[in-house]
Amino acid sequence: MSLESLRYRRGSLRVLNQLLLPQRSCYEQIGGVRQGWEAIRAMQVRGAPAIAIVGCLSLAVELHGGAGMGQGKAGLETFIHDSLRYLVTARPTAVNMARAAEELGAFTSQEAQREEVTAESLRESVIQWAEAMLEKDLRDNRSIGEHGARHLLQASPQDKVTVLTHCNTGSLATAGYGTALGVIRSLHALGCLAHVYCTETRPYNQGARLTAYELVYEHIPATLIVDSMVSVAMKEKGVSAVVVGADRVVANGDTANKVGTYQLAIAAKHHGIPFYVAAPSTSCDLSLAEGAEIVIEERPSQELTDVNGVRIAAPGAAVGAHPRTVLWTSGLFWCKRRWQYWAKGASGGILGWVFVTLLSGSRCLCFSPAQGSAFGTRPSMSRRMSSSLGASSRSLVSSALKSSERPSPEQ
């Protein structure tokens, strides 16, 4: 049985306070949007998918309690839009909450325009929309795990693979199962996982506190290593692949993820090790052409200088900017031999596709939950794809497929 980042039933939301792990396991009640915002901002709950789910469910809980119902349908619509805008400000780098706010906001406006819809029925529809996010995220994560594991096994000459991962991307970062850690779970379930190396992930130690906790909980063979040991692990420990998660993937493949991801990718390239980003499509932001446009949140300097409230850095020491999330760019890897494999298939079932990005010539590799097929995108398509934001996934991906061709390494 996997750990749960949250527990929800209609009108009640409790989140696992991850700041207390691994010493204590404590679920705390979220009574509404304000408490949801505070839990996200304080990183009691973290992980881009989980942030969006907790944000929307905190709104559902408040709506269930009667909030926003005093001024009719128009007043309720305004309350929902204001609440969603507020929730986005808690952790701006992770795009999932912003996308959920945009989609739920559009759904709310569309429903409110229908004459037969009352304030009560609008409230019910919004609550159901938020609740549906839970099941969808779990399905998507299992799909990422299954198709990611299948690909790693096909790409490896060994029957079992050794994976290195960074930060926490498991059940504690999602509705369940996980993204990058979901790939590891699937490999373990198949009996095809040799070993996992997880980094401590400074400065907030999500790897040591959370990923190691999940791996021990599920008896998955793993070793915790310091962040500065990754190059040695790649050289001497037979690492088959590096798999990480993402806060945001933009149109050209640039990705924002936990600090340390960029140097991990550089080390992987030097050692000839495949590097993957496992993320749901909700983490993809096609409205941004490149990573330089991503807003990187500033975190308190105490996250770097203090541990459990005790200062460990010298008093007066200057702290570098962006101690939480930094950017790494696409294009570090180019895999000519894999392009033909990934260009196959992808003829139908586009809606609900799950993305897994490989650092290879700025292209995204996308897994289909329905068929397991995949396709690639090239950098020159980013502007066209960005302009399609708001269209359905089917029309967006179909357009990409029709114009897709193998890019040259120079692109």
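The values are calculated or read from the model by the stated rules, or taken from the named source; none is laboratory data. Since the structure is predicted, the reported quantities are computational estimates derived from the model, not experimental observations. FYI the Cβ positions are ideal-geometry reconstructions off the backbone, even for glycines, and counts take in every protein chain you see.
How many residues, within segment 135-178, are among the aliphatic types (A, V, I, L, M), out of contact with any Gly (no Cβ under 7 Å at 6 or more places or on another chain) and closer than 14 Å to Leu215 by Cα?
2
Look at segment 229-253 and say how many of its residues are part of a loop (DSSP other than H, G, I, E, B) and surrounded by fewer than 24 Cβ atoms within 10 Å (Cβ to Cβ).
Of the residues in that region, 4 qualify.
List every residue pair whose Cβ atoms lie under 7 Å apart, where the two residues are 6 or more positions apart in sequence or sit on different chains, the first residue falls within segment 274-299 and is under 14 Å from Thr93 (Cβ atoms), and the second residue, located anywhere, is basic (Lys, Arg) and in a loop (DSSP other than H, G, I, E, B).
Glu297/Arg91; Glu297/Arg324; Arg299/Arg324
If Gly349 passes every condition in (1) surrounded by fewer than 18 Cβ atoms within 10 Å (Cβ to Cβ); (2) modelled with pLDDT of 85 or more but one, which one does it miss?
The one condition Gly349 does not meet is (2).
Give just the number: which of (1) in contact (Cβ under 8 Å) with a residue 40 or more places away in the chain; (2) charged (D, E, K, R); (3) touching a helix residue (DSSP H, G or I) at 6+ places or on another chain (Cβ under 7 Å) does Arg150 not satisfy?
(3)
Matching residues to (1) at pLDDT 95 or above; (2) over 28 Å from Arg248 (Cα atoms); (3) not assigned by TED's automatic domain parsing to the domain that holds Glu293:
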{"site": "Tyr27", "(1), (2), (3)": "yes, no, yes"}
{"site": "Gln35", "(1), (2), (3)": "yes, no, yes"}
{"site": "Ala39", "(1), (2), (3)": "yes, no, yes"}
{"site": "Pro49", "(1), (2), (3)": "no, no, yes"}
{"site": "Leu63", "(1), (2), (3)": "yes, yes, yes"}
{"site": "His81", "(1), (2), (3)": "yes, no, yes"}
{"site": "Leu104", "(1), (2), (3)": "yes, no, yes"}
{"site": "Val126", "(1), (2), (3)": "yes, no, yes"}
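So which of Gly72, Gly36, Gly68 ends up being on the phi < 0 side of the Ramachandran plot and of a type in the set (Gly, Ala, Ser)?
Answer to the check: Gly36.
Output the residues belonging to segment 11-25 that are among the polar types (S, T, N, Q) and at pLDDT 95 or above.
Ser12, Asn17
Find the residue count for segment 85-104, including only residues that are buried (at least 20 other Cβ atoms within 10 Å of the Cβ) and under 24 Å from Glu116 (Cβ atoms).
Selection size over segment 85-104: 1.
For Leu134, indicate whether it is under 30 Å from Gly72 (Cα atoms), at pLDDT below 95 and out of contact with any Lys or Arg (no Cβ under 9 Å at 6 or more places or on another chain).
Yes: the conditions hold for Leu134.
Within segment 257-292, can you find the residues that are surrounded by 16 or more Cβ atoms within 10 Å (Cβ to Cβ) and assigned to a loop (DSSP other than H, G, I, E, B)?
Passing the criteria: Val259, Gly260, Ile273, Pro274, Ala279, Pro280, Leu286, Ser287, Leu288, Ala289, Glu290.
Looking at segment 170-206, which of its residues are under 20 Å from the mean Cα position of the chain (by Cα), assigned to a loop (DSSP other than H, G, I, E, B) and either aliphatic (A, V, I, L, M) or over 26 Å from Ser228 (Cα atoms) (or both)?
Scanning segment 170-206 gives Thr174, Ala175, Gly176, Tyr177.
Is it the case that some residue within segment 83-101 is among the aromatic types (Phe, Trp, Tyr) and closer than 13 Å to Ala52 by Cβ?
No, segment 83-101 contains no residue that is among the aromatic types (Phe, Trp, Tyr) and closer than 13 Å to Ala52 by Cβ.
Just name the residue that is surrounded by the fewest Cβ atoms within 10 Å (Cβ to Cβ) out of those in segment 293-310 that are closer than 19 Å to Ala48 by Cα and hydrophobic (A, V, I, L, M, F, W, C).
Val295
Taking Leu264 as meeting all but one of (1) farther than 25 Å from Leu153 by Cα; (2) more than 16 Å from the chain's Cα centre (by Cα), write down the number of the exception.
Among (1) farther than 25 Å from Leu153 by Cα; (2) more than 16 Å from the chain's Cα centre (by Cα), the lone unmet condition for Leu264 is (1).
Every residue in segment 50-84 that is of a type in the set (Gly, Ala, Ser) and crowded, with 16+ Cβ neighbours inside 10 Å, please.
Listed by number, the residues that qualify are Ala50, Ala52, Gly55, Ser58, Ala60, Ala67, Gly68, Ser83.
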